[in-house]
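Here is the structure we will look at.
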Amino acid sequence: MKSPNSRRFGSWIVRPMSCAAKIAGIVLLVGCSQEGGSLASVSGVVTLDGSPIANGSVLLTDAEGKMATSPLQTDGSYSLECVPGVYAVAVAPPPPLDPLALNGSAGSGLASAKIPKQYQDVGTSGLTVEVKDGKNAADFRLDSRPKPK
């Protein structure tokens, strides 16, 4: 025969867990949706002085703080999804290698491009993209020479 406390204990565990699952589901739905809209895709190539940037990442940020990011592939290409809108763009270098994680190896073998500081911040890069519904293409051509003022 079950004690009256065993049922109470079981519901005490299940209710908070089911509430947490429901809250997590709502947060995911809200975070990935726009008022009745859907995600658009953006892809392209990032180059520095005409050569593809083989590693790093592309970051898009809109005026409301929504962000989307994608790693750069070895050919300089990227692909991401975000809600349609106008975004400021930054191109970030890869994080520094952890010398303790290398175990004596030379690293990934990919040369890290010297991305000029101005492109590493959405506020100073001067790069923007307007993302519309559907598929969008946006190539970013970075220049290492300082621009005349």
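The values are calculated or read from the model by the stated rules, or taken from the named source; none is laboratory data. The shown structure was predicted, so the numbers you read here are calculated from the model rather than taken from an experiment. Here the Cβ is made from the backbone with ideal geometry for all residues, glycine too, and neighbour counts use every protein chain on show.
See the values below:
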read-out	value
Test: L39 is buried (at least 16 other Cβ atoms within 10 Å of the Cβ) and within 23 Å of G123 (Cα to Cα)	no
Top-ranked residue of the stretch 51-80 - restricted to ones that are over 16 Å from V122 (Cβ atoms) and out of contact with any Leu (no Cβ under 9 Å at 6 or more places or on another chain), ranked as surrounded by the most Cβ atoms within 10 Å (Cβ to Cβ)	L72
Positions within the stretch 85-99 being assigned to a loop (DSSP other than H, G, I, E, B) and of a type outside the set (A, V, I, L, M), in sequence order	P93, P94, P95, P96, D98, P99
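Listed here are the residues, each with its yes/no results for (1) of a type in the set (K, R); (2) closer than 17 Å to D143 by Cα; (3) in contact with a Lys or Arg (Cβ under 9 Å, 6 or more places away or on another chain); (4) modelled with pLDDT of 95 or more.
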| residue | (1), (2), (3), (4) |
| --- | --- |
| C32 | no, no, no, no |
| G37 | no, no, no, no |
| N55 | no, yes, no, no |
| C82 | no, no, yes, yes |
